[in-house]
Structure formats: C-alpha cells, structure tokens
1. In a shell of Cβ-Cβ distance under 13 Å around V264, excluding V264 itself, what net charge do Lys and Arg (+1) and Asp and Glu (-1) give?
2. Once each part is reduced to its C-alpha centroid, what is the distance from the range 423-477 to the range 253-280 in angstrom?
3. Sort V74, V264, V52 so that the residue with the fewest other Cβ atoms within 10 Å of its own Cβ comes first and the one with the most comes last.
4. Bins of 10 Å, beginning at zero and ending with the bin holding the largest distance: percent of Cα pairs per bin for the range 170-288, please.
5. Can you work out D for the range 45-116 in µm² s⁻¹ from Stokes-Einstein, where Rh is the Kirkwood radius over C-alpha pairs, the temperature is 20 °C and the viscosity is 1.002 mPa s?
6. Check A326: other-chain or 5+ apart residues with amide H under 5 Å from its amide H, H built from backbone geometry?
7. In whole Hz, with x marking every Gly and Pro, tabulate ³J(HN,Hα) for the range 197-204 from phi via Karplus 6.51 cos²θ - 1.76 cosθ + 1.60, θ = phi - 60°.
8. Restricting things to alpha carbons, tell me how big the range 347-483 is in terms of Rg and Dmax, in Å.
Amino acid sequence: MKKLVHLMLLVLFVVVLWPSQGHAATAPKLFLDGKSIVPDVDPIIVKDYTLVPVSFIATGLGSGIEYIAQTKTVTIHNSTTNIELKIDSQTAVVDGQTVNLDAAVQLLKGRTMVPLRFVGEQLGLNVEWVQETQSIYLTKKQAPPEEDPSQNGEQPDPLETVGARPVPADAVGVVKGIEFDGTSAIIISYDGEISPNEAFTLQGPDRIVLDLPAVAFAPEFTSGFKLASSGVRSGEGRLVVEGHPLLNQVRYNSTEAPSAVRLVLDLTQASTYTVNQGNGVIRLDLTGIPETDQPSQPPVGDKTNGVFRVVIDAGHGAHDPGAKSASNRTEKEFNLGLALKVQALLKKEKNIEVYMTREDDTFMELSDRAKFANDLKADIFISIHANSFGTTARGTETYYNRDDSKGLADIIHKHFLKGTGLPDRKVKKAGFVVIKQTTMPAVLLEAGFITNKEDEKILYDDAAQNRMAEGIVAGIKEYFNQK
Ligand SMILES: [Zn+2]
C-alpha cells in the first residue's frame, strides 16, 4: 500500500509544472531553510525547470552521490530514498520505479546538472518558487527532536565535532565541492586562494594524491561524509565511482594546524593525469594507462605454413557463474554457448587453428587463461563475456588494453555489433587481466546486458548466437587478411 501512495506522489510531482520563469537574465536564487546558498555553478533553466549541479544536492542537502561512468548514471541517496539519474535521459528510477522527468539530466561544461524540484522533493524537501524575487525556497520537513546524548551518559564522538568548527584562520581557501564528471575528471570547486602541491602517485595499490595546503572544507560541504546527529561531517569523505576502467573512488579529509585538505584517488591501475586550475575550479584529469615496456610483438602468423592461432576464451565457468541474468540464468552459460559456436566456425577455416581456454563448464584462473595464450604464441586472443548492470542498460561493447590491440578491437567490434544487433556502446580501453597479461593482440567482448530483459532474450537465443559467432569470425578473417 505504501508503494501505491508513493507512486501516486511521484505522478503528482511529475505533473506539477514548475511555474514559468520567463527568460530571466539572471540565475534563480536558492535558499535552504531560509539561508542563501550559492552553488559553485549557476542554476540553469531548461523548459521552465531549474537544473542545479549535482554537487549542490550533495553539499546542500547532505545526500550521498555515486557515479557509474560506464553507464553515465548518477545515484543520489539519503537514508530513505534512492534516485538513479542518467545523463541525457528523461527518465529516473526512484526506489526501483521508473519515473518520467520533464527535463533531462545533462552534462554542462563537465558538470552534471539535475532537475532541482524533482530531486529536492524526492529527498523530502518542500520546494517553493517565488516569482517576484526569482527565488527557490527549499525547506527540510521538520525531523523529530533528537534525544540529548548527555542525558543517557554517552559522550559525543570527538571526531564528530570536527566539522562544526569554523574555517580555521590559517586557511586561505575553502573547498566547496568535489565531483566526478562522469568520464575522466575530478572537479574541485573552491573559494579564496588555493595553490595545490604537485600531485604524486603511490603504488600497491595505485593511487594519486593531491594536497591542498592552507585549505579547509567549507562548513556546508558535507558531500560523501558520514554525518553526526548534529549534521556535521566526520571521518573522511568518499566519492565512489563504479565501473570506471581506472578510478575506484576518491577519498578526502582535512587536517588542522596547519590547515590542509588531501584528496586520494584510488585507482584500478596506474594512470597518467593532468591538473589544471582556473575560475575557482581545480580539475584533475585521468589521461590513461602509462606506456610501459611491453614485450615486442611476436610476428603475426606462423611464417612457415601461414596458419594463424586464435584463442577463444569463454569467460567464467564452474563455481564462477559470472553475472546473473534478468530471469536468473548465468553469464557462464551464454559465454560458453557463443564460444563453442565460434570454435565450430573457425574449425572450418583451413588457415586458422582454434584453441579454447575451456570447452565445458570448468574453471580456469584469469592469469592462466592469459598464460595459455602466451605459451601457445597465439596470434590473437578473444574473451567472450556478457555485461550486467541495473535493468535498463543495454548494448554491445568491446574492450582492449594495449594500443597494439586497438586495430583488432575496432574490426571485431564492427562485425560483432552487426551480429548482436544491439545498441553500440563502442570500443573501450580497460585493464581486464586477460587482455592485459596476454602478449598478442587481445580483446574482451561484452555482448550485451543479460540483466536487461530485451538484451537477455537476444543473448540466449540460438539463432542470434549464430549471427554473433559469424560476426566474430568475419572480424577475425578481416583482421588476418590485412596482415
Ligand atoms: Zn563476465
């Protein structure tokens, strides 16, 4: 029943139009509980809806935010509500229910802009537009009064009071926002003066550290922090990024006497980066995997008999099922089914020898799969997988790691995509073990999303799998013909 009421409220939110604001030359003013709040990026008005940077939602409203780069999804959540928004999409998923938005979430100069009224109301705020002053008033619904912890003999955690202190006198700059732009950059917005130290890297695990001396967090900056009952931040803040090929998360904290803010980027593998500064923003871009001394490329094909060796790797197996599909089937089953079809087709090619990492429901360690291909001195390596995420993500993508695999990835992807007939999620670079530890051109195929009902139907369809296998083989033959 609660669900029904919830749904009706959602419908109500969506049909209530934001009052017309004409063509106001200036951005609307924002107030939270009567206090003026100035986001570091001006709100914009799109089709009578006000969009604000997502950092405002986190900082101003104390909500958690997560980005999933692969799917350009941003999730905003507090203790009761979970809102999933997607860049350029006009639908949102609120606590599992799909809801239409009147204005799409958009990326503006690297910032994620989200509809304020919709998100505010979902997070339990009253949102009021005052035409005369071109202002938006956000008010938190009254929470029941907190019990005084001193009444029951408990001492407040000393860490939990740190954020309540005003900005220390020696801080000449304050950090107002830390955001991920959804693709490759961490955006730090600030007031005052900040002269960052040169960023440095650490190994084991790979990290990038950026120190901002004589800097504190703005008192209202709480994004990513645990909040004490008094509403102040405690411990270190965290911006979690899922599904990014390089970045796992950003952690940040501050120290006092002397004041400093430190950011640590936890990486999946070493990455090069650049740091730029201007207009109240410091931007740290991850620019990719550094060039390393790769073993030189073995010659393609066996020169004596003109036969190419191809390794087909069906992902997962046995106790490792891979992802679970929408109707509870396993990824390993799809991977093996398609791999065996590719094997059967390649066996008919007289100048190709096909080798399988597995031909049944068995398991092989990732590094052993790479070693298998390396020991064989294979000419190419193709790993077959299916993707999983939420219920709406769809499409085919092809991954490569080293630059010498890009040509193979482009050609295979072109033909494979025709075979799947699914949306094109393009060729991407990532550090999956099997395509990183192999020494020959290597690609990893993510055929589609088995967690999406439409993709799933195609991926487990026998005729569709035949088309996918034909696509992979056509790609392999085109690649070898160019050699
Ligand atoms: Zn997989």
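Nothing in this text is a laboratory measurement; each read-out follows from the coordinates by a stated rule. On a predicted model such as this, the values are computed, not experimentally measured, just so you know. We place every Cβ from the backbone using ideal geometry, glycine too, and count neighbours over all the protein chains shown.
1. Details: positive: R207, R238, R251, R262; negative: D206, D211, E236, D266.
Net charge in that neighbourhood comes out at 0.
2. Value for the Cα centre distance between the two parts: 36 Å.
3. V264, V74, V52
4. 14, 47, 33, 6, 0
5. After rounding, the answer is 175 µm²/s.
6. Sorted by chain and number, the residues that satisfy this are T451, N452.
7. 5, 5, 5, 9, 10, 10, 10, x
8. Both quantities, over Cα of the range 347-483: 14.5, 43 Å.
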